[in-house]
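Down below is the structure, laid out as structure tokens.
The values are calculated or read from the model by the stated rules, or taken from the named source; none is laboratory data. All figures in this text were calculated on a predicted structure; none of them were measured in a lab. Methodologically, a virtual Cβ is constructed for each residue, glycine included, from the backbone with ideal geometry; neighbour enumeration extends over all protein chains shown.
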Amino acid sequence: MRIDKYLWCVRYYKTRTLATTACKKGHVKINNDIAKPSREVYSLDKIVLRKNQINYQLTVNNIPLSRISAKLVDIYRTDTTPKKQFEAQELLKYSKDYYRKKGVGRPTKKDRRDIDGFHDENE
């Protein structure tokens with residue numbers, strides 16, 4: 001089975017087009033080699049997939065015939081992604097606190113409430 005179809009079947013991408021684009025950009029590696037979308041996937045291949053700033057690492061257990069339900073995904077792949085990758089993503093989420101660039105426009109109603117709440121806490 002093609003790598004783009006496999007990644008779509010095991011639900012890493014919502015469409016095959018997204019999976020193909022990721023392969024073309026070099027975000028998918030099979031056994032440490034950059035994979036083209038038409039590259040064949042076999043059992044026990046190691047796949048490294050970069051998506052949302054996380055390097056997912058998975059091992060192919062079996063090849064599905066078509067797209068499968070989310071409950072059955074673990075039959076066809078083993079996820080070996082270190083938990084450190086997900087923790088780094090959580091920290092990144094908190095570090096990008098909401099801010100407005102200078103000159104973007106007036107504060108919204110929510111911004112005003114947040115500012116009022118901040119002033120009330122400091123008084």
note = With criteria (1) closer than 22 Å to T15 by Cβ; (2) at pLDDT below 90, R77 comes up short on (2)
message = For a quick check of your reading of the model, give me the residue pairs whose first member lies in region 60-77 and is closer than 14 Å to L7 by Cβ and surrounded by 14 or more Cβ atoms within 10 Å (Cβ to Cβ), whose second is small (G, A, S) and at pLDDT 90 or above, with beta-carbon atoms closer than 6 Å and at least 6 apart or on different chains.
response = V60/S43
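Let's see how each residue does on (1) modelled with pLDDT of 95 or more; (2) surrounded by 12 or more Cβ atoms within 10 Å (Cβ to Cβ); (3) within 18 Å of the chain's Cα centre (by Cα):
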position	(1), (2), (3)
D4	no, yes, yes
W8	no, yes, yes
Y12	no, yes, yes
N32	no, no, no
A35	no, yes, yes
E40	no, yes, no
inquiry  = With the requirement that a residue be within 30 Å of V41 (Cα to Cα), at pLDDT 80 or above and assigned to a helix (DSSP H, G or I), what does region 80-123 give you?
reply    = K83, K84, Q85, F86, E87, A88
inquiry  = Quick check on Y56: is it assigned to a strand (DSSP E or B) and within 15 Å of the chain's Cα centre (by Cα)?
reply    = yes
query = Across region 21-30, which residue is surrounded by the fewest Cβ atoms within 10 Å (Cβ to Cβ) among those that are among the aliphatic types (A, V, I, L, M) and in a strand (DSSP E or B)?
reply = I30
